[in-house]
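Peer 1: I'd like to ask some things about the structure below.
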Amino acid sequence: MPELDPSFLALPLDALSTAGLEAAAARGCEHAEVRTERVRSQLLRLRDGQLETSVDETELGSACRVVRDGSFGFAATVELSVDAVAAAANQATEAAEVTKDALRRRLELAPEPSHGRVEWVSSYEVDPTTVGLEEKVALLGEWSRRLLAADGVDHVTASLLSVVEDSHYADSNGTVALQRRVRVYPVLEALSVDPDSGEFETMETLAPPVGRGYEYLCGTGWDFEGELAVLPEHLSEKRRAPSVEPGRYDLVIDPTNLWLTIHESIGHATELDRVMGYEAAMAGTSFATFDRLGSLHYGSEVMHVSGDRTVEHGLASIAIDDEGVAAGSFDLIVGGVLQGYQLDRRIAREMGFERSNGCAYAAGPLYAPIQRMANVSLQPAASGDPSVEDLVAGVERGIYVVGNKSWSIDMQRYNFQFTGQRFFAIEQGRLAGQLRDVAYQATTTDFWGSMEAVGGPSTYLLAGSFNCGKGQPMQSAPVSHGCPAALFRQVNVLNTRAEAGR
Amino acid sequence: MSGGLLPAGELAERALEGAPAGGRIAIVEELSEAELRYANNTVTTNGVRQSRVVTVISFDARPDGVAAGVATGSGALDLDGLVTAADAGAASSPLAEDASPLVTGDAAPDFHDGPGRTRLQQLAPVIAGLPELFGRAEAEGRVIAGFAHHRVRTTYLASTTGLRARHVDPGGRVELVGRSVDGTRSAWAGAGTNLFDDVDLAALETRLVRGLGWARRRVELPAGRYETVMPGDAVADLVTMFEGHASGKDAEEGGSVFSGPGGGTRIGDRLCQLGFELRSDPADPVVPTMPFVATAASQADISVFDNGAPIPPVRWLSGGVLERLRYHRAGARRSAQAFTPDVGNLVLELPGADGGLDDLIGRTERGLLVTCLWYIRTVDPATLLLTGLTRDGVYLVEGGEVVGAVNNFRFNESPVDLLAKALEAGRTERALSREWSEWYTRTRMPPLRVAEFNMSSVSPAT
């Protein structure tokens, strides 16, 4: 059972938070939080089996957030001393004062009971920071050379991003949380170039980033051996594949692709802060407006989407969020109808919710928490266990979409366009070889409305991203999305070459 | 640690003690930031932060080459631990493909000066102007959101070769979005700045009011290829990606829009009919940037071995011909090209072009005016096809005048094609890419009028 890290616990964590909270109280703040956090990350990148990039990074610092007289203030420092944290609390109070004249609505937070002292560690076996560089480079190098040795593979990049977050959170409410999260993201990409035409194709591994340790690269949670064995063949077939004829197709979308569509068109659209205009300058707003809570037909009746910060190996999973709220799970869409939003304490209060549902997160010790995405997941079929083959069998002319690649969506989360790693033609209920140059483009509610069937639990995969961006300054957050394969009728498919006028 | 952090210059020098025979480089980046965010006609969040990032790069010299190890840490880290990690990384790493002799040079006289600092009060032109801006917005039916940010980055670089370099680099931006209360009309205005002394909030507000006024008439248009006028800000959204993808190694490997047939690159090819110059120069008078390389990670065309090397001016395009791609020193030697590092600013200019955005609009018989782009992602690296959305300001131009606002579109377009399809350009001025402003505020761009911009589908978003 992994435990809290002794080298982090050796820092004067309680003394730092006490200094900050006391300074804030002395300046008359009605609310204060002090968060000391250490984020260790390592990026390795190999090109054709040779180490190209190796960066070990440790972020360590303390952040103070205060509310004084309804005005918000934030300050952070990398100097871990009692004096420095007290000074940061004073700077935060000063920031609340300096900006008070431009404040036209008092800031209040939804109430949250004290949770006392909480300790929590995510589910992993091997802390990736304890594995030697040589061992990692040797494994990624061996995988790269295996791909390079295959016919038709000209170049290979391999990367591994590992992150370990240790945090100590304390607030004026009496909650103290000591938490540790571990995550890894290994990915390999093969490139195939046609020497005559100069045309090229690439293909990436589908292994998602996960809240696990180094064991993920050694057979726990993903079959890398199996995936590497078939990748060159898939790439070679893709290079020779016919270019797609644009038009409307039935799509069977694999969870390796669908998670990102969920992220963009549901995850972001149901963040209540952006619904209410607080992200209008950057991330945007949302078509899923508050007056449509309980009535908006987001999709078909088979659509059940939940948010949670609790799923094992989930990238957004935690026990206590960065505002001291206990994490849980909640419905967002039931039977295709919008039934909930993701909340932080400020927006929960403003919109009349009793409590936040625990979606506050700060990207490291130097940033203030904002509302961030929970693990937002599409539930598999409630009865039976339809497989990908079962879904494909119901399609006369369509495309089976596997793996995610390019993505883009508008600022109200209506119009999106996604590409993928592999696209298989479906003819008369069977896969009929790959296509290339495919992108699908749709309007969110049309797309989810066209979802005729969801696959069963055996098709379900927890995928996700390390770097969801939101806020100004931009903060990056990790988040998982679980989903089954699913069948969509008559979705608009583009040919990306034709789009470029070629 | 109650005595505070060690001064940056001293820390950098101390990190060199006991260096391996291959040498060591230390980079200390002191960051001082202040920011203010506002939405729904009120300030929402703010922040001040002081941070320090220390990077130690150790070089392990072996008979057949050199290996590098990098360790990066922030703030109050134990320096010895960082040095040990970098040394161990070098000792356990394979030989570096990007090895070059370490850069030599003198000790800068200001090396032991303290770092530049900023504070929330640096944003005074914004903080002071917001209460009245919000008041007018409420009176006139607008909802304002936006962000102001200032950052001073002071870089100290010390090498066992004796080189000591220091640079203070201030930069920031302010952005405003104005929406009608019902959310059906919106407009954006933003500006990059070095010190906030030139920020004119009223001028930005005037741009918002003009855009929202144009939008009183709404015109629905279908997807299609449109003649399109873009201000420098929107041009920066796309052209920044041109430079971002200008990797020599990617081009040579065949995986880039700049790959030539048969394994070469397109250096020497004419990419556009108009004689555009695309260039970067650390000494640019308007958007100056770091004059020497300071990187914590080697990549395909960026090398930790080049740390401290003076950054030369670079002409990516000259007379419409591709002149340069990015190469670190080792790559440049291998490919017989010039050392071309990442620069940090970008200037597009059509020599002799004059006139502003309104002049280009005045010469447009029928077309779109697109003021800003968003959510730009690469669809196909072979053509550098990008997708994204128009946002907060698409207008119809008829007979040389803006006659109304148009629905938003998803576009699929390549910045390389954009320059190739340009019909005319205006005068180059400081521009702020909204899409990349978090990372890249230093551009000077002209407004462009281009043929057949590919609006791939309609977005109902407003």
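The values are calculated or read from the model by the stated rules, or taken from the named source; none is laboratory data. Quick caveat: nothing in here was measured; it's all calculated off a predicted structure. Please note: Cβ atoms are built from the backbone with ideal geometry, for glycine as well, and neighbour counts cover all protein chains shown.
Peer 1: Quick one: which of A:G284, A:G277 is at positive phi, within 14 Å of chain B (Cβ to nearest Cβ) and crowded, with 22+ Cβ neighbours inside 10 Å?
Peer 2: A:G284
Peer 1: Filter the range A:293-309 for residues that are in contact (Cβ under 8 Å) with a residue 40 or more places away in the chain and not small (G, A, S) and give the result. First the steps, then the outcome.
Peer 2: Residues of the range A:293-309 that are in contact (Cβ under 8 Å) with a residue 40 or more places away in the chain, as a first pass: A:293-300, A:302-309.
Selection gives A:L293, A:L296, A:H297, A:Y298, A:V302, A:M303, A:H304, A:V305, A:D308, A:R309.
Peer 1: Please tell me if A:S159 is within 14 Å of another protein chain (Cβ to nearest Cβ) and touching a helix residue (DSSP H, G or I) at 6+ places or on another chain (Cβ under 9 Å).
Peer 2: On the way: within 14 Å of another protein chain (Cβ to nearest Cβ): yes; touching a helix residue (DSSP H, G or I) at 6+ places or on another chain (Cβ under 9 Å): yes.
It is true that A:S159 is within 14 Å of another protein chain (Cβ to nearest Cβ) and touching a helix residue (DSSP H, G or I) at 6+ places or on another chain (Cβ under 9 Å).
Peer 1: Taking the range B:352-369, which residues are in a helix (DSSP H, G or I) and in contact (Cβ under 8 Å) with a residue 40 or more places away in the chain? Don't jump to the end; show me each part of the working.
Peer 2: Residues of the range B:352-369 that are in a helix (DSSP H, G or I), as a first pass: B:357-362.
Of everything in the range B:352-369, those that are in a helix (DSSP H, G or I) and in contact (Cβ under 8 Å) with a residue 40 or more places away in the chain turn out to be B:L357, B:D359, B:L360, B:I361.
Peer 1: Continuing with this model, one more query. Say we look at the range B:418-439 and pick out the residues that are surrounded by fewer than 20 Cβ atoms within 10 Å (Cβ to Cβ) and within 14 Å of another protein chain (Cβ to nearest Cβ); which of these is modelled with the highest pLDDT?
Peer 2: It comes out as B:A420.
Peer 1: Which strands (runs of 3 or more DSSP E) sit wholly inside the range B:21-110 and have at least 2 residues that are facing chain A (nearest Cβ under 7 Å) and either at pLDDT below 95 or under 26 Å from B:R334 (Cβ atoms) (or both)?
Peer 2: Where strands (runs of 3 or more DSSP E) fall fully within the range B:21-110 and carry at least 2 residues being facing chain A (nearest Cβ under 7 Å) and either at pLDDT below 95 or under 26 Å from B:R334 (Cβ atoms) (or both), they are B:42-62, B:65-74.
Peer 1: Which of the residues that make up the range A:289-312 are hydrophobic (A, V, I, L, M, F, W, C), crowded, with 18+ Cβ neighbours inside 10 Å and closer than 20 Å to A:G358 by Cβ?
Peer 2: A:V305, A:V311, listed by residue number.
Peer 1: Going by what's in this entry, would A:V85 be described as in contact with a strand residue (DSSP E or B) (Cβ under 6 Å, 6 or more places away or on another chain), over 30 Å from A:G352 (Cα atoms), more than 8 Å from chain B (Cβ to nearest Cβ) and not in a strand (DSSP E or B)?
Peer 2: Taking the combined requirement at face value, the residue satisfies it.
Peer 1: Looking only at residues that are within 26 Å of the chain's Cα centre (by Cα), of a type in the set (S, T, N, Q) and part of a helix (DSSP H, G or I) in the range A:100-157, which one is nearest to A:A170 (Cα to Cα)?
Peer 2: By that ranking, first place goes to A:T129.
Peer 1: Test B:G18 against the stated conditions and say whether it is surrounded by fewer than 22 Cβ atoms within 10 Å (Cβ to Cβ), in contact (Cβ under 8 Å) with a residue 60 or more places away in the chain, more than 30 Å from the chain's Cα centre (by Cα) and more than 10 Å from chain A (Cβ to nearest Cβ).
Peer 2: The answer is yes for B:G18.
Peer 1: Quick one: in the range A:447-476, of everything that is among the hydrophobic types (A, V, I, L, M, F, W, C) and part of a helix (DSSP H, G or I), which residue is surrounded by the most Cβ atoms within 10 Å (Cβ to Cβ)?
Peer 2: Filtering first and then ranking leaves A:W448.
Peer 1: To continue, here is another question. Just checking, which of A:Y440, A:Y400 is away from every other protein chain (no Cβ under 11 Å), within 17 Å of B:S457 (Cβ to Cβ) and surrounded by 23 or more Cβ atoms within 10 Å (Cβ to Cβ)?
Peer 2: Residue meeting the stated conditions: A:Y440.
Peer 1: Please indicate, with yes or no, whether at least one residue in the range B:370-378 is free of Cβ contacts under 8 Å to residues at least 60 places away in the same chain and either among the hydrophobic types (A, V, I, L, M, F, W, C) or away from every other protein chain (no Cβ under 14 Å) (or both).
Peer 2: no
Peer 1: Would you list the strands (runs of 3 or more DSSP E) that sit entirely within the range B:135-220 and hold 2 or more residues that are more than 26 Å from A:R274 (Cβ to Cβ) and either among the aliphatic types (A, V, I, L, M) or more than 18 Å from the chain's Cα centre (by Cα) (or both)?
Peer 2: B:142-159, B:164-180
Peer 1: Six or more apart or on different chains, Cβ atoms under 8 Å: show the pairs whose first residue is in the range B:186-207 and among the acidic types (D, E) and whose second is in a helix (DSSP H, G or I).
Peer 2: Sorted first by the residue in the range B:186-207, then by its partner, the pairs are B:D197/B:P125; B:D200/B:P125; B:E205/B:L133; B:E205/B:R136.
Peer 1: Scan the range B:180-214 for residues that are in contact with a Gly (Cβ under 7 Å, 6 or more places away or on another chain) and closer than 16 Å to B:R391 by Cα and jot them down.
Peer 2: Those that are in contact with a Gly (Cβ under 7 Å, 6 or more places away or on another chain) and closer than 16 Å to B:R391 by Cα: B:S180, B:S186, B:A187, B:W188, B:L208, B:G211, B:L212, B:W214.
Peer 1: Quickly run through the range B:246-264 and pick out the residues that are at the interface with chain A (Cβ under 10 Å from one of its Cβ atoms) and not in a loop (DSSP other than H, G, I, E, B).
Peer 2: B:K249, B:D250, B:E253, B:S259, B:P261, B:G262, B:G263
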